[in-house]
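Right, one structure below, let's go through it.
The values are calculated or read from the model by the stated rules, or taken from the named source; none is laboratory data. The model shown is predicted, which means the values in this text are computed figures rather than measured ones. A quick note on method: Cβ atoms are made from the backbone with ideal geometry, for glycine too, and the neighbour counts reach across all protein chains shown. With ligands, DNA and RNA removed, areas are computed over all heavy atoms of the protein, side chains included. Shrake-Rupley method; radii C 1.70, N 1.55, O 1.52, S 1.80 Å.
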Amino acid sequence: MAKNDAPPRWDRKMQQRLARGEAAALGELYDRFASLVHLLAHRVLRDEQAADDITGEVFAHVWENPDAYDPKQGPLRSWVATLTHRLAVQRLRQTETAALAQGGPGTAEDLERKVRRASVAARADYIVTAMPVPLRTALDLAYFQRRDYRQAAADLGVTEDEARRRLRLGLQLLATAHDSGPSGAPPEYGGAR
C-alpha cells in the first residue's frame, strides 16, 4: 500500500473499536474472519482440534493486542491471515520437533519440507478466498467441475475470450503461492509479528 493511500475505512474503524475494548467489535471480526482463520490453520496443521485452538489463539491475540495491527501496513484480513499462518507454523514446528525428539520418523529437513508444503497450500487457499468472485468462479468451473474454457464461458454467460482471461488471471494469482519466500506465508504486514 502506498504511503499516500488511506487504509480501508472498515479496517481503521475496526482497529479503533478493538483498541477501545468493544466486545461487539471482536464478535464482528470473528464473524467475518473465523472461517478464513480456521481454513488456513487447518491447511497447515491438518488437524481439526489444532485448527480450533489456533483460531482461538488468533482472536485472543487480536483482542489482547489491538494496537499490533497498523491499518497503514495493509488490510486487516491480510494481517489476520499472516498472524494465523505464523501461529499455525509455530504449532506445526513444535509438534513435529517433539515427535522427532521422541524418535519419530523423519529428519529436520523433512520437517522443513512439510512446513513449506503446508505454507504453500495455506497461501493458495488465502489467494483463492481473496481473489475476485469472477476469477474464483471460473477456476471452480475449470478445476472442480472439469469444464474447459468454452463450457466455462457458456456457464458464466461470458465470451470465450473473457473466460480464458479469467482463468489465466486466476492461475497467475495462484502461481504466486510458490513465490512468497521460504515460508510461503501470506504477505507480511508489520503488525503481525
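A few notes on this one:
- Each peptide among 35-47, 132-144 gets the average number of other Cβ atoms lying within 10 Å of its residues, and from highest to lowest they stand as 35-47, 132-144.
- Options (i) 1.26; (ii) 1.03; (iii) 1.01 - which one matches Rg/Rh (Cα atoms, Kirkwood Rh) as calculated here: (ii)
- Karplus-derived HN-Hα couplings along segment 141-150 (A = 6.51, B = -1.76, C = 1.60, θ = phi - 60°), whole Hz, x at Gly and Pro: 4, 6, 7, 7, 9, 6, 8, 7, 5, 5
- Assuming charge only on the beta carbon of Lys and Arg (+1) and of Asp and Glu (-1), the dipole of the chain about its Cα centre is about 480 debye to the nearest 20.
- Of the residues 20, 123, the one with the largest accessible area comes first in the ranking 20, 123, computed with a 1.4 Å probe on protein heavy atoms.
- Segment 8-192 - percent of accessible surface contributed by carbon and sulfur, probe 1.4 Å: 52 percent
- Fully extended contour minus Cα-Cα distance, from residue 154 to residue 169, at 0.36 nm per residue: 3.6 nm
- Accessible area in square angstrom per residue, segment 8-192, 1.4 angstrom probe: 54 Å²
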